[in-house]
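Just so it is clear, none of the values below were taken in a lab; they were calculated from the coordinates. Model, not experiment: these values are computed from the prediction. Glycine also receives a Cβ, built like all others from the backbone with ideal geometry; neighbour counts cover every protein chain displayed.
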Amino acid sequence: MAEGDDDNTPQALVFRLHVNAPRVVREVLLERGWEEFDDENQSEAEWNLYWRTSAFQTSNHDNIKPWQRLNHHPRTAQITKKDCLARHLKRMKGIYGSSYFDFSPIVFILPNDYTKFLAEYTKERHEKKSGYWICKPTDMSRGRGIFLFQDIKHLAYDCPVIVQKYITNPLLISGYKFDLRIYVCVTCFCPLTIYIYQEGLVRFATEKFSLSSLDNIFAHLTNTSINKYSTSYSADKERVGSGCKWTLGQFRSYLRSLEVDDVLLWQRIYNIVTMTLLSIAPTIPQYPNCFELFGFDILIDDTLKPWLLEVNFSPALSLECPNDVTVKKGLINDIIDLLNYKSSDVQRGNSGKDFTMSHFLQPSTKRISHGYDSISQYSGDLKKTCFMKNGKAKENFDHFESSRHPSCKNYGLQNECEKALIKKGLSGVMCNCNSMENSLPESKEDIVNRDIVSSGKTCPRKTLTSKLREKMNMPQRLGASKWPLVLNTSRAKAGVKNIVKTKQCRLNDYTAFPLYYILDASQMPPAHVGDFLLIFPFNQPSFLASKNGADVKSIIQEMFKIMQKMSTNKKVA
């Protein structure tokens, strides 16, 4: 991080932790030279990272500043609640075919699906199949309230639950059942950007697997919060060792020792993660500078087929064993690298009061400094070029966007206003939808916006895109934006003085410029960041299919083309 030019400039990034935030997050950030937020001596906005285990309020997202990051996207609990996950996957099966979404065991949500469950249970009994089921409360974690049964007379519940077909042929290591905790970080939902952490945890049951003892939770459940109370937890178990955790690195070594080709296995796991997230991607509101760390629990059966068990919100980051330390400290370090902090983020907009031009302009990677020292200088030039003179607009344009949006039919053309900006090197910050907007009847909001413009306030008018989005109840924020421009520190400071005078460039007032996102939404994200591996988008077609609202069908088809090719190559080999 670049140092400031005077003693009053903040010298470190600042983190803010909510109650019950993981201890490892504080440890890692302090080791990296960060400072912890002091609510008594620092202003409300003077932090760079806010980490909490629960969801943020809408106001937190609405008031996000350019230099800040939040560790949750809104509405991601849609897949972290067991019943919601079941509904989303069932819906996706109905739309795109069960063959694509066969990675989840048959599941019923009780009490609503009790009749359907009873029909399936009776059918299996008539066919003399030995069906085993597992019952899980929808809103509980860490293995609490989970039990197995074979006879329906043992099914009893006093809260909403899911009843799931129990996988009776899990892959075992020396007789012990296990599952994989896969850490997944989503930096954006539009375009969908998914990273998988290549190091994770393998969680073992502490007693040998047996269907003859369904009541033995230490043989059937892999949750560490349960198995640490087993008498076998500290014992040196065959091949597994003491405790109940391996790293994914140890698991890969184990598979290779058995000469197992695991390339196809990992690709199937990547597909499970991607398709699960695609089930909610179109419904997640687009806010800048958010990320989400999920914990995907994957079970592998003895045919090396992976199954999705559940998705965890704020996965546990406690340090209970050496493998926890190895995996989770590295995970947090790489997440911080993935968040793409800029040198300008240390400034924090002069204690949250003002902003440098770099936080608003959205140039493409091909553009360089435009010769402006402040937003006030830029906005003044912009007003001269495109805004009002004596209450009348010199040039008509309807809204600013971070790039020309495909919803504009004339987005391939340049209007006179944009041509004027190109001369200043500022093209790409707006598009003209005037011809389209005139086709819509003028609403009350349009009249209000028109009056505001007439009064001399620089407020963008409603566009066809935003009107259609409102009618469809779609997210209000756009998912496309560019990398911020990092200016020379001394020049930025000079600009701050102008910003204070005009007051029109505060973030909440100057809404024409969207905030930048963690990653550049106009380009393919980097393939690797530390031990994070980009699994989506996985090629240019998948990237284009997810840019303007996920084209799920095209993405799934592209994924399975690759899977078929991999399977064919494996057979030939």
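When the dipole is taken about the Cα centre of the range 45-192, and only Lys, Arg (+1) and Asp, Glu (-1) are charged at their Cβ, what size is it in debye, to the nearest 20? Present the calculation step by step, with values, prior to reporting the outcome.
Working: 22 positive and 12 negative charges, 28 e Å.
Taking the Cα centre of the range 45-192 as origin, the dipole is about 140 debye.
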> Between Asp337 and Asn112, 0.36 nm times their residue separation minus their Cα-Cα distance comes to what?
Replying inline: 76.5 nm
> To the nearest 0.05, what FRET efficiency results for His126 and Ile95 with a Förster distance of 35 Å applied to their C-beta separation?
Replying inline: 0.65
> Hey, how many Å between the Cα centroid of the range 236-295 and the Cα centroid of the range 124-160?
Replying inline: 26
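What trypsin sites (Lys or Arg not before Pro) in the range 189-253 are in a loop by DSSP, with at most 15 other Cβ atoms within 10 Å of the Cβ?
Details: sites: Arg203, Lys208, Lys228, Lys237, Arg239, Lys245, Arg252; in loops: Lys208, Lys228, Arg239.
When the trypsin sites (Lys or Arg not before Pro) of the range 189-253 are filtered for loop state and at most 15 Cβ neighbours within 10 Å, Lys228, Arg239 remain.
Among 312-319, 45-52, how do they line up from the highest to the lowest mean number of other beta-carbon atoms within 10 Å?
Values: 312-319: 18.5, 45-52: 21.4.
Output ranking for 312-319, 45-52: 45-52, 312-319.
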>> Taking θ = phi - 60°, what integer Hz values does the Karplus form 6.51 cos²θ - 1.76 cosθ + 1.60 yield along the range 143-150, in sequence order, with x for Gly and Pro?
In response: x, 5, x, 8, 8, 10, 7, 10
>> Quick check: residue separation of Val19 and Asp215 times 0.36 nm, minus the Cα distance between them. What number comes out in nm?
In response: 67.0 nm
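For the range 186-261, rounded, prolate or oblate, judged on the Cα gyration tensor with a ≥ b ≥ c (square roots of eigenvalues), a/c < 1.5 rounded, else prolate if a/b > b/c?
On the way: a/c = 2.33, a/b = 1.61, b/c = 1.45.
Here the range 186-261 falls in the prolate category.
Multiply the residue separation of Gln250 and Lys153 by 0.36 nm, subtract the distance between their alpha-carbon atoms, and state the gained length in nm to one decimal. Spell out each step's value before the answer.
Details: separation 97, 0.36 × 97 = 34.92 nm, distance 4.14 nm.
Computed gain between Gln250 and Lys153 is 30.8 nm.
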> If R0 is 41 Å, what FRET efficiency do you get for Ala235 and Thr303 from their C-beta distance, rounded to 0.05?
Replying inline: 0.85
